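Computed from the coordinates by the stated procedures, all read-outs in this text should not be read as laboratory data. Values in this document were obtained by computation on a predicted structure and should not be read as measured data. Heads up, the Cβs are rebuilt from the backbone with ideal geometry, glycines too, and the neighbour counts pull from every protein chain shown.
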């Protein structure tokens, strides 16, 4: 079953710092690099490297040719993409010595999807497969409605969170992927240990993946709950960790793996990702993940199910 990802493409301007810059502070950086990025591009590459057949849909700007080439090199089909003379989306990323990051995002051509393009792309994709979305493009709500009306399965990673997410037809999703901040924003109220249950009660038809950063992840589908901790590794850069987890998780779902198997696969993939600098270029292949699982070189936490 293929994935059609209406996803963002970003040029990442990455600045290495000791600590994040403070208000009013001017800081020298340790290094500067330009990388391929964007949640859409990262998740397409993660899903493709996991083994999924992935079609990427979106608009590349005049400066985004190398982003398309990065997708193609990872095995992603870019035949449904469009190009524009405008500037691509980009991100200003600080990566601290702790491995944590903070990101300032500019939408660029990621905000130039049209309904006519969406309709043509869905028609070309066909009636069998998964449509994947993130909150870095325009028309997310419309795409959910159009894809669901065609009988396609739909997954939304509601990141980065904004009030717009609350207006999306989340009840039409097959999978909702959120972190604690995004989940709390959607459901209302504070983050607490019952967040996943509250999301499941609000959206009983959707599978829900709740990522918890260094504390692992939880998920629920059809009343079946599962959770996993994270592998203990020295993080170098966490920029694409969540996208790696999402891409590998969807691969497991589409391969009808158990929730336990799917969580283990995604957890090891994200653990390998954070030990490498960069975004898309830090995402491991499934062969690398399978080798780690086979050799036991990482201590993979036990999956709890209830």
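Observations on the model:
- Radius of gyration over Kirkwood radius for segment 200-243, both on Cα atoms: the Rg/Rh ratio is 1.08.
- Under the criterion of Cα pairs below 8 Å and six or more residues apart, the relative contact order for segment 1-119 equals 32 percent.
- The ranking of 6, 249 by Cβ neighbour count inside 10 Å, starting from the fewest, reads 6, 249.
- Each Cα pair under 8 Å and six or more residues apart adds its separation to the average, and for the chain the resulting relative contact order is 17 percent.
- Relative frequency of Cα-Cα separations exceeding 21 Å in segment 132-261, percent: 38 percent
- Secondary structure note: in the chain, about 45% of the DSSP beta bridges are antiparallel.
- With helices as the sole contributors, the chain gives -9500 deg cm²/dmol at 222 nm; each DSSP H run of n ≥ 4 counts as -39500 (n - 2.57), and the sum is divided by every residue.
- For segment 183-306, the relative contact order comes to 24 percent (Cα pairs under 8 Å, sequence separation of at least 6).
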